[in-house]
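Notes for the one structure printed next.
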Amino acid sequence: MAFGKVSAWSLVVVVIGLLITALMVGGGQVLLANSARNNAQSTLDDIGRRVVDSAEQSFDEALTAMTGLAVQGVDRCTEANIDQLRRAVYSAYAVKEIGLTEAAGGVHCDHLGRGAPHMQPVSDAFEGRNPAIRFRAVVSVEGGASGAMLTWDQSDGTIFSAVVLGRALAVDLLPDDWRTVGAAVIRLDDGTLLASAGSGMAAVEDDAKHPPAIGSGIVESHVHSDRYPIQVTVAVPFEVVWKDYEDLDSYIKAGGVLLAIFVISIAGLIARNTGDGPINEIEHAIQNSEFLPYYQPVVDIRTGRLEGCEALIRWKKPDGTVLSPGAFIGLAEATGLAVPMTRLLMEKVRDDLEQVYHERPHLKVSINLFRDHFDSIDITEDVEQIFGKSKIRYRQLVFEVTEREPLADLDTAKLVIRRLQSFGCRVALDDAGTGHSGLAYLQELAMDVLKIDKLFVDAIGTNRYAAPIIHSLVGLARNCHMSVIAEGVETVEQIEYLKALGISAAQGYVFAPPLPAAAFLKLATAMEPLKYESLVEPPDLDFVDIEPAGLDKRKRRAG
Ligand code: C2E
Ligand code: CA
Ligand code: CA
């Protein structure tokens, strides 16, 4: 049997613990992602600054070359001057082409003596801080090479131009594992692309156009030149950055799993010390057969004969202590153990009483049922299985249902009651007067016996309101054709009062407390001795209405 009930405390600990674990794992991942992003950001800022430095140096070289030509007085497209242009190109690493446009007439030549510019502008001219110097994006007429062209208007009208190729501008400073996925891009301030490095530009640009989900996306740095109208963007997808942190991420997750296991173990310990302990103990006690019935006699107060008994459960612990039901039935009921507990009790009732009850067929035994028993037909199967083949007859059995708490499912309760009655068993309303069951409820359930609660019996002679209540309960029982038993009778005055009301059956300390089986059987055989071999069954006695035959026999016995 598995009764996996978990105490409220252990549940609370599990829930709080798992929340903390989730927060810690989630928080750890956010912190890790932030630190990954920040580290990548500062690496990119650094790369961006170095790309800008390098581009500035290339522009510096081009301007130095043009300044040198102006200083040397180069202002015409003569053979000697073209030679000067060529030298200038060769001595400046970043400069790939220098051209000259004469002041008067606009004749043009480049360092190779070509009359038309070899690089074509693909953007408007963009002025830098010095308005005499303009910047353009250019591509070679054959296509392929691209870069920036600087044109410098001299005061005498001569114009020099110098081309710096892209690869001298956007130097590839990306680390190896970022090169294929990231990019460094250099642009004029108006946004015109001058050059790029790294092959991930398309991906990076695309990502920038479609904002990515949180935690992915790109990390990028923008660095602007203080001296030239250019800006550099360096970017890399975040997932590439995150790869270096995946190990740490797995450690955080593994730590989370360990923490969750720890929390659940703690909850288990708490459960053992709070709710689960007693439940396991009850389950264990059922398996160990530690529950047993005591029997309280029910007596006919008019004749003094024994009518039967009520079986009342006790928990006899291995150390010999005997617990009363108040100490454990609430818990057994709350944990679904009430049904197996009652099954054990009924088996013991059968074994204890079988012989004596077989010989005295007028004796009855009352068994208390729980609310749960009326939620399904199962109890009737248990009764059949336990008493079906026993020597105790079904008509010797009474099943009690308490009025203290209302039944949950009246239709099923009715089925259970009908089925038990169809076997020949009887059903009693226990603790009558304490609950809220009206006449309609009683009529609908059609029970056989009504047990007047001790509360009203106690009040006899002390409380003037008790009498009308007992009167109306007896009236109710008669209307519903039920027999009556008075419970908790402690004094002779109470017996007299009940007798005067026409009540004939009673149980209480005035006769006997609940007795262990051996004591009850001794009492039963003493009170109801077998006068002759039971070849003929003695007549069946009812709890209330003693049949005339029974009375006669009693009289004969007394006489
Ligand atoms: P109950 O069914 O009303 O049983 C009568 C209770 O009153 C018993 O208490 C009995 O010992 C006590 N009693 C009998 N005569 C007197 C008396 O003259 N004076 C006083 N002061 N008390 C008297 P017990 O055995 O402690 O049982 C308490 C309750 O526990 C029972 O009340 C019943 O509701 C429940 N119970 C006991 N055994 C079982 C069981 O096997 N199944 C179920 N479902 N409930 C049980
Ligand atoms: Ca009872
Ligand atoms: Ca009772």
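The values are calculated or read from the model by the stated rules, or taken from the named source; none is laboratory data. Here the structure is a predicted model, which means the values were calculated and not measured. Cβ: placed from backbone, ideal geometry, glycine included. Neighbour counts: every protein chain shown. Accessible surface is based on the protein model in full, side chains and every heavy atom, while ligands, DNA and RNA are left aside. Shrake-Rupley method; radii C 1.70, N 1.55, O 1.52, S 1.80 Å.
Couple of notes before you dig in:
- So Arg86, is it open to solvent by 60 Å² or more (accessible area, probe 1.4 Å) and of a type in the set (Lys, Arg): yes
- Count of segment 486-500 residues which are buried (at least 18 other Cβ atoms within 10 Å of the Cβ) and either more than 16 Å from ligand 2 (Cβ to nearest atom) or over 17 Å from Ala459 (Cβ atoms) (or both): 4
- Evaluation of Pro318 against the conditions (1) open to solvent by less than 50 Å² (accessible area, probe 1.4 Å); (2) more than 10 Å from ligand 1 (Cβ to nearest atom) shows that the sole unmet condition is (1).
- For segment 216-247, residues that are open to solvent by 60 Å² or more (accessible area, probe 1.4 Å) and either farther than 21 Å from Asn34 by Cα or at pLDDT below 85 (or both) total 9.
- Leading residue by the ranking (least open to solvent (accessible area, probe 1.4 Å)) among those in segment 365-408 that are over 30 Å from Thr525 (Cβ atoms) and of a type in the set (S, T, N, Q): Thr380
- Leading residue by the ranking (nearest to ligand 1 (Cβ to nearest atom)) among those in segment 293-315 that are in contact with a helix residue (DSSP H, G or I) (Cβ under 7 Å, 6 or more places away or on another chain) and not in a strand (DSSP E or B): Ile301
- Segment 123-139, subset modelled with pLDDT of 85 or more and more than 17 Å from Phe160 (Cα to Cα), residue least open to solvent (accessible area, probe 1.4 Å): Ser123
- Restricted to segment 409-438, and to residues there that are surrounded by 16 or more Cβ atoms within 10 Å (Cβ to Cβ) and within 39 Å of the chain's Cα centre (by Cα), the residue that is nearest to ligand 1 (Cβ to nearest atom) is Gly435.
- Segment 425-440, subset in contact with a Leu (Cβ under 8 Å, 6 or more places away or on another chain) and not polar (S, T, N, Q), residue nearest to ligand 2 (Cβ to nearest atom): Ala428
- Just so you know, in segment 139-172 the residues that are outside any strand (DSSP E or B) and hydrophobic (A, V, I, L, M, F, W, C) include one that is nearest to Tyr93 (Cα to Cα), and it is Ala168.
- Pairs linking a residue in segment 509-529 that is modelled with pLDDT of 95 or more to a residue that is outside any helix (DSSP H, G or I) and open to solvent by 60 Å² or more (accessible area, probe 1.4 Å), with Cβ atoms under 6 Å and 6 or more positions apart or on different chains, are Tyr509/Glu490; Val510/Glu490.
- Set Gly48, Gly27: member being open to solvent by less than 70 Å² (accessible area, probe 1.4 Å), assigned to a helix (DSSP H, G or I), among the small types (Gly, Ala, Ser) and over 30 Å from Leu174 (Cα atoms): Gly27
- Residues of segment 376-406 that turn out to be more than 15 Å from ligand 1 (Cβ to nearest atom), within 12 Å of Ile417 (Cα to Cα) and among the hydrophobic types (A, V, I, L, M, F, W, C), as a count: 1
- Some residue of segment 360-374 being assigned to a helix (DSSP H, G or I), touching a residue at least 12 places away in the same chain (Cβ under 8 Å), within 16 Å of ligand 2 (Cβ to nearest atom) and closer than 19 Å to Ser422 by Cβ: yes
Let's see how each residue does on (1) more than 23 Å from Thr303 (Cβ to Cβ); (2) more than 16 Å from ligand 3 (Cβ to nearest atom); (3) not charged (D, E, K, R):
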| position | (1), (2), (3) |
| --- | --- |
| Cys425 | yes, yes, yes |
| Glu444 | yes, yes, no |
| Leu450 | no, no, yes |
| Val457 | no, no, yes |
| Ile469 | yes, no, yes |
| Ala486 | no, no, yes |
| Glu490 | no, no, no |
| Leu515 | no, yes, yes |
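- For segment 375-387, residues that are among the polar types (S, T, N, Q) and assigned to a loop (DSSP other than H, G, I, E, B) total 1.
- On inspection, Leu331 fails the criterion of being more than 16 Å from ligand 2 (Cβ to nearest atom) and within 27 Å of Ala526 (Cα to Cα).
- Answer residue from segment 189-213, given it is crowded, with 21+ Cβ neighbours inside 10 Å and modelled with pLDDT of 70 or more and is farthest from Phe238 (Cα to Cα) among those: Leu194
- Leu369 being closer than 25 Å to Gly508 by Cβ, assigned by TED's automatic domain parsing to the domain that holds Val416 and hydrophobic (A, V, I, L, M, F, W, C): yes
- Those residues of segment 62-83 which are assigned to a helix (DSSP H, G or I) and surrounded by fewer than 18 Cβ atoms within 10 Å (Cβ to Cβ), in sequence order: Thr64, Thr67, Gly68, Ala70, Val71, Glu79, Ala80, Asp83
- Residue in segment 328-343 that is of a type outside the set (Val, Ile, Thr), touching a Ser or Thr at 6+ places or on another chain (Cβ under 6 Å) and open to solvent by 20 Å² or more (accessible area, probe 1.4 Å) present: no
- In segment 353-364, residue nearest to ligand 1 (Cβ to nearest atom) [restricted to those that are closer than 16 Å to Ala518 by Cβ and open to solvent by less than 10 Å² (accessible area, probe 1.4 Å)]: Leu353
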